[in-house]
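Encoded as structure tokens, the structure appears first; notes follow it.
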């Protein structure tokens, strides 16, 4: 479920609805809006922070760090990883394939 929440926030960044430097609403507000538990939203926010799309700032909340371009590339990369997993590729094999591209 947290991955779906992360995908929704990622899409908002990609579509320019959430711009770099902009603050996101508090997790409990996002949870209410999306109809999920606050912990689900917090887990999604941490994932997006680890991806470099969000920053957590003490006293300022969560802000958008990444650009729509980064979000677009990241979305396609995640899609590629999903397709590769579906076809039985391991991470190392996928990395070798990508490194072998021109």
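The values are calculated or read from the model by the stated rules, or taken from the named source; none is laboratory data. Just so it is clear, the model here is predicted, and its values are computed rather than measured. Glycine also receives a Cβ, built like all others from the backbone with ideal geometry; neighbour counts cover every protein chain displayed.
In this entry, residue 48 is excluded by the filter for residues that are touching a residue at least 60 places away in the same chain (Cβ under 8 Å), under 10 Å from residue 66 (Cα atoms) and touching a helix residue (DSSP H, G or I) at 6+ places or on another chain (Cβ under 6 Å). Within the range 1-29, the set of residues being farther than 24 Å from residue 82 by Cβ and modelled with pLDDT of 90 or more comprises 22, 23, 24, 25, 26, 27, 28, 29. Can you name every residue in the range 47-67 that is over 20 Å from residue 26 (Cβ atoms) and more than 11 Å from the chain's Cα centre (by Cα)? Of everything in the range 47-67, just one residue is over 20 Å from residue 26 (Cβ atoms) and more than 11 Å from the chain's Cα centre (by Cα), namely 67.
When the range 1-26 is filtered for residues that are farther than 11 Å from residue 53 by Cβ and either assigned to a loop (DSSP other than H, G, I, E, B) or touching a strand residue (DSSP E or B) at 6+ places or on another chain (Cβ under 9 Å) (or both), the ones remaining, listed by number, are 1, 15, 16, 17, 19, 21, 22, 23, 25, 26. If you go through the range 53-102 and keep only what is touching a strand residue (DSSP E or B) at 6+ places or on another chain (Cβ under 8 Å) and either in a helix (DSSP H, G or I) or surrounded by 13 or more Cβ atoms within 10 Å (Cβ to Cβ) (or both), you end up with 53, 54, 55, 61, 62, 63, 64, 65, 66.
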